[in-house]
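Here is the structure we will look at.
The values are calculated or read from the model by the stated rules, or taken from the named source; none is laboratory data. If you're wondering where the values come from, they're calculated on a predicted model, not measured in any experiment. Every residue, glycine among them, receives a Cβ derived from its backbone with ideal geometry; neighbour counts consider all protein chains shown.
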Amino acid sequence: MSAESTKNTEMPQEETGTSVLLPSISADDSRQVVIIAASLVLGTSLAAIVLNLVHTEHGKIILSIAIAFVIASMFLAYRGILQPARIVSPSVAFLVLTFFLVDGDGVHDASITAYAAVVVLGGLLLGETGALIFGGLTTLSLFAIVYAEYFGVAALQTTYSGKFDLIDVNTIWFLHLATSAIIYILVRRLSRLVAEAREGEKEFKRANQDLSALRDSLQLQVGNRTESLETQNIELQAASRVANAILVAPDISELLKTSAELIAREFGYDYAGIFLLNEKKDRAILQSVSSESGKKMLEERYELSADEESVVGFVSKNKRPRIVFNQGPDEIFFGNPYLSLMQSEMTLPLISQDEVLGVLDIQTKEPYAFAQSDVAIFQALANQLALTLQNTRLVEEARINLAELELVVAEQSVSVWSKHLEQKSYGFVYSPLGVKPLRTRRLDREERSSGAEADVPITLRGRKIGNINVQRLSRQWTKKEKELLQDVATQIGLAVENARLLYETREQANQEQLVSDVSTKLRETLDIDTVLKTAIEEMKRTFNLREVDIHLTPTDSTES
């Protein structure tokens, strides 16, 4: 196993222990602290040998073995395995100092001052457990040494033996015990603070993870929303182009054909068809399609019943759109042999003034291609199509009515002019001698001059009521000049029609005025004879009559 893999497997185990102080810092810093502590112990041990502080051979051997353990633990620490160095370093320091005390001046040796450092080192490397263990070991060791020296054990006799009493003996080990206890309490407190800091760090990491997850979620939502808005924007632009195109359709047939083709092309669908309901509203008849397979349906006059057995019938009956897919229970709606490859279908009603005019049917080969968010855009487009369809129908009906009215007016105008010309003929001729009335309806042969001739009809609402005959000697009439003559003839037709209408209006006004005058005079008296005489006089004067007779007879009498 490599050093990196060893490090990765070792460090998680250290972080689970609550009695270890160092794992609160990073792995690299923790390893650095362990190596520094081991280096101090190693350096102290080597200094003891180099400075010849160990005077016996067996002491040097023991110290050499301890140094070997320290070096081995440092090697493991460099490879990421820290636990051996944590145990070996305070243990070697304890053994070396204890040996110095035993081999030196006992409790009066200067090395006793470093005993507290062993407890600190154990607490630093092993936490409160290390402080407790090495605090106990150093206290027991010091207790044994001081009492052995006090009671005169030969191996521990020094120059200070017998020079201190029992109080001094108890004070030495008790003070060290108190120091160890204080160190233990501090290490325990620090361990708890470390644990709290570690827990806070974990909470902070969890909070960061939650924030990162929330950020990623928000970014995903924003991305999805942006994509959705872009898709809707594209669909709205396509719908706008379709709506603008159908507004300029000249008739219903072109409107339906253009709408189906544009919807399929602009939105990228495989099929778009438009059904219109018959007068009874019980059949939906296909009027226009966008695909070649759909055109075969047109040739066969494809139609559906306006009931809920088909999607088209369901939509026309319920006045609401519907989306179906070629899966599950909706699979029955995809049995059309002409559209056998379709996988998704969206059908929308064409509604104008709460009346269903037909159905817009859109299909595609892509599975699950439609969503409810698409309905709003396409329903607005369907409503626009229905409104345009209704307006086009009204325009066509108005155009037909106007044509019929113009035909009736033209027939009436021709009839009136025929009667009018039967009573009086109108015609004039221009010659070098001036303008004079025609003697007949046609220009006499002797009155015609030789040269280029043009005969232009005078028309009124498409019907001929006269003609203009022009001649000149210089050159032939050009096409442009004939067109100008035709425009003049048309204006003449309108002018004489206006004159005739004005004449008839005046005549009608005169008649009404005459009737009014006669009625006024007749109402001036209540005497029957006077009334009859007044009536006779007014009729003779008005109509220039030679004789007028008025007889009052019962309704059941007969003339003699």
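Does ARG225 satisfy being part of a helix (DSSP H, G or I), within 34 Å of the chain's Cα centre (by Cα) and basic (Lys, Arg)? When the stated conditions are applied, ARG225 passes them. Considering only residues in region 388-435 that are polar (S, T, N, Q) and farther than 30 Å from GLU355 by Cβ, the one that is modelled with the highest pLDDT turns out to be SER415. Of ASN233, ASN278, all but one fail to be under 27 Å from LYS296 (Cα atoms) and loosely packed, with under 13 Cβ neighbours inside 10 Å; the exception is ASN278.
Conditions (1) loosely packed, with under 10 Cβ neighbours inside 10 Å; (2) aromatic (Phe, Trp, Tyr); (3) closer than 30 Å to PRO457 by Cα; (4) in contact with a helix residue (DSSP H, G or I) (Cβ under 7 Å, 6 or more places away or on another chain), marked per residue:
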| residue | (1), (2), (3), (4) |
| --- | --- |
| ASP487 | no, no, yes, no |
| ASN510 | no, no, no, no |
| ILE528 | yes, no, no, no |
| LEU545 | no, no, no, yes |
| VAL548 | no, no, no, yes |
| PRO554 | yes, no, no, no |
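Touching a strand residue (DSSP E or B) at 6+ places or on another chain (Cβ under 9 Å), farther than 19 Å from ALA264 by Cα and buried (at least 20 other Cβ atoms within 10 Å of the Cβ): does that describe LEU357? Yes; evaluated as a whole, the condition is true for this residue. From the list THR347, THR364, the lone residue that is touching a Lys or Arg at 6+ places or on another chain (Cβ under 8 Å) and at pLDDT 90 or above is THR347. Whether any residue in region 326-342 is under 30 Å from GLU227 (Cα atoms) and buried (at least 18 other Cβ atoms within 10 Å of the Cβ) is what I want to check. Checking region 326-342: at least one residue is under 30 Å from GLU227 (Cα atoms) and buried (at least 18 other Cβ atoms within 10 Å of the Cβ). Within region 255-284, residues that are assigned to a loop (DSSP other than H, G, I, E, B) sit with their Cβ atoms under 6 Å from residues that are crowded, with 19+ Cβ neighbours inside 10 Å, at 6+ positions apart or across chains, in these pairs: TYR269/ILE362; TYR269/THR364; ASP270/THR364; ASP282/ALA306. LYS521 - would you say it is among the basic types (Lys, Arg), in a helix (DSSP H, G or I) and free of Cβ contacts under 8 Å to residues at least 12 places away in the same chain? So LYS521 does not fit the description; no. Among the residues of region 285-315, the ones that are under 23 Å from ILE252 (Cβ atoms) and in a helix (DSSP H, G or I) come to 10 in all.
For LEU42, the conditions (1) surrounded by fewer than 14 Cβ atoms within 10 Å (Cβ to Cβ); (2) assigned to a helix (DSSP H, G or I) all hold with the exception of (1). From the list GLN384, GLN343, GLN327, the lone residue that is of a type outside the set (Ser, Thr, Tyr), in the same structural domain as ILE252 (by TED's automatic domain parsing) and out of contact with any Pro (no Cβ under 8 Å at 6 or more places or on another chain) is GLN384.
Does LEU484 satisfy the criteria of being hydrophobic (A, V, I, L, M, F, W, C) and part of a loop (DSSP other than H, G, I, E, B)? Write out each step before concluding.
Working: hydrophobic (A, V, I, L, M, F, W, C): yes; part of a loop (DSSP other than H, G, I, E, B): no.
Judged against the criteria, LEU484 is not a match.
The single condition among (1) surrounded by 19 or more Cβ atoms within 10 Å (Cβ to Cβ); (2) at pLDDT 90 or above; (3) hydrophobic (A, V, I, L, M, F, W, C); (4) within 28 Å of the chain's Cα centre (by Cα) that ALA284 does not satisfy is (4).
Residues are listed down the side, and each one gets a yes or a no for (1) surrounded by fewer than 23 Cβ atoms within 10 Å (Cβ to Cβ); (2) within 24 Å of SER191 (Cβ to Cβ); (3) at pLDDT 80 or above; (4) within 60 Å of the chain's Cα centre (by Cα):
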site	(1), (2), (3), (4)
ASN52	yes, no, no, no
HIS58	yes, no, no, no
ALA66	yes, no, yes, no
PHE69	yes, no, yes, no
PRO84	yes, yes, yes, no
VAL102	yes, no, no, no
GLY130	no, yes, yes, no
SER141	yes, no, yes, no
PHE151	yes, no, no, no
